[in-house]
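Down below is the structure, laid out as structure tokens.
The values are calculated or read from the model by the stated rules, or taken from the named source; none is laboratory data. These numbers were taken from a predicted model, which means no experiment stands behind them. All Cβ positions, glycine included, derive from the backbone under ideal geometry; neighbour counts span all protein chains shown. In case anyone asks, the SASA skips ligands and DNA or RNA and just uses the protein heavy atoms, side chains included. Shrake-Rupley method; radii C 1.70, N 1.55, O 1.52, S 1.80 Å.
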Amino acid sequence: MQGEEDHEFDVVVVGGGPGGSTVSTLVAMQGHRVLLLEKEEFPRYQIGESLLPSTVHGICKLLGVSDALEKAAFMPKRGGTFRWGSSPEPWTFSFSVSSTFSGPTSLAYQVERMKFDQILLDNARDKGVQVREKSSVVDVIEEDGRVSGVLYSDADGVRHEVRSRFVVDASGNKSRIQSRIGGTRHYSEFFQNIALFGYFEGGKRLPAPNSGNILCAAFNSGWFWYIPLTDELTSVGAVLRRDALERVQGDREKALMGLIDECPLIAEYLSEARRVESGPYGEVRVRKDYSYSQDTFWRPGMVLVGDAACFIDPVFSSGVHLATYSGLLAARSINSCLSGDFEETKCFEEYELRYRNEYSLFHDFLVAFYDMHQDEDSYFWTAKKVMNSSAPGLESFVELVGGGASHEGGLVNPASYTEQRESTFREFSELADRPAGESGTDRDLFDSTLVQSVLEEGAKIQVHAALGDAEDDEGPMREGGLVPSADGMRWADFAY
């Protein structure tokens with residue numbers, strides 16, 4: 001190995017995306033020494049451009065980047081618009097119909113990730129994180145059964161060894177070190193999708209005030225996202241089942257344009273648009289959006305954050321939310337350990353419990369969202385047919401998507417899962433399947449127990465960011481569990 005050993009850090013974070021920037025910043029803000037290693041040089045291209053309010057008004061406010069986001073003038077996002085379910089017309093839900101998200105916090109953003117991620121990484125530097133770009137982590141260092149640092153190569157190919165009390169893997173779904181956590185990555189049997197996407201200029205916009213909404217449109221081969229990033233630039237992608245792989249091989253532009261022609265709504269919105277053919281947005285890309293979850297999210301000295309731990313289908317724009325939320329949870333656990341508040345096992349069991357719970361809530365939402373479509377000709381909703389099962393459609397669907405990876409009893413036992421969730425699924429489906437009114441009347445999806453549960457944790461983070469005091473009135477998630485501290489940066493015992 002070339003190069004001498006670097007000085008030690010309290011924490012080494014691998015990956016400079018939203019999850020890595022979040023955890024590194026929140027730990028550095030507590031006075032700890034943090035090194036962030038990023039294999040690329042920013043700004044760099046990344047997919048995942050649609051944010052939720054809890055990220056913008058919760059996590060980002062805690063990080064101290066609210067002013068920077070406002071100056072960036074990202075596209076305001078009031079909610080989502082869907083051509084989905086039994087209604088032939090698009091319908092819309094708005095964050096503002098919820099009392100939790102009323103007022104200024106009802107807006108999220110559509111962001112160019114090159115700019116958004118740069119803001120978060122620059123903020124990490126400003127908050128005291130030592131950032132080294134073009135630094136590729138090749139392995140972790142283990143001592144006495146504990147991860148105690150990393151090995152990385154710099155831009156010149158020189159190997160370095162860094163010691164730390166904790167290593168955070170926030171390097172995404174293609175992590176080179178996540179396997180060192182132990183266990184197995186379990187993939188959903190149903191949500192193994194392929195996304196084919198590109199960027200267009202001159203596409204149409206939804207009628208005001210929803211012109212900045214993400215538009216999701218189901219069609220026979222899958223579904224499209226249509227994300228307005230600026231007044232001119234639009235991110236457009238088709239999400240297909242993995243058995244459609246042959247459709248995205250060869251000429252990707254021809255394949256994408258062919259899929260657009262299959263979806264009349266998206267074809268109409270792009271009728272006067274042209275595809276961007278140069279620069280970072282000039283490529284038609286393919287990504288495997290395979291939903292998965294790791295057996296375990298941590299081991300002594302190491303924790304997985306964001307997509308390194310788990311990934312869920314992007315239909316509800318959950319990617320950056322889950323990455324930054326897990327970054328906050330990991331920071332609480334690390335800060336508590338470094339401050340000697342609690343022992344490591346208790347802190348990271350709390351991390352894993354809460355992150356798995358948030359992941360499973362989005363999983364539930366996804367099951368309900370896909371199951372409510374009744375078009376048997378669309379292969380996205382053929383779980384019963386695929387399973388060749390005589391069981392009810394929802395139970396067959398759960399057999400496909402459950403997989404047991406999350407260790408949630410209901411997901412392992414489809415019948416139990418169906419009994420627990422059937423009423424909430426039915427409630428959500430009936431609400432979303434109402435006929436659309438003129439211009440697609442808003443649906444108050446926040447009347448749905450399912451949607452309320454999905455957004456509940458994000459709402460708590462927003463309240464804390466606004467008021468400076470953590471909200472956890474329901475107490476710990478399990479007997480003897482922990483709750484956020486008053487400043488939200490560590491864990492605390494619950495005062496009964």
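On the basis of being farther than 19 Å from T324 by Cβ and among the polar types (S, T, N, Q), does S135 make the cut? Spell out how you get there, then give the answer.
On the way: farther than 19 Å from T324 by Cβ: yes; among the polar types (S, T, N, Q): yes.
Yes, satisfied.
Scanning segment 47-57 finds no residues that are over 25 Å from W225 (Cβ atoms), of a type in the set (A, V, I, L, M) and open to solvent by less than 30 Å² (accessible area, probe 1.4 Å). Scanning segment 286-306 for residues that are of a type outside the set (S, T, N, Q), surrounded by fewer than 19 Cβ atoms within 10 Å (Cβ to Cβ) and at pLDDT below 95 yields V286, R287, K288, Y290, D295.
Of the residues in segment 196-207, at least one is at pLDDT 90 or above, under 19 Å from N173 (Cα atoms) and open to solvent by less than 20 Å² (accessible area, probe 1.4 Å). Looking across segment 159-176 at every residue that is at pLDDT 95 or above and in a loop (DSSP other than H, G, I, E, B), the one that is surrounded by the most Cβ atoms within 10 Å (Cβ to Cβ) is identified as A170.
For the condition touching a residue at least 24 places away in the same chain (Cβ under 8 Å), closer than 25 Å to L322 by Cβ and crowded, with 18+ Cβ neighbours inside 10 Å, A238 qualifies.
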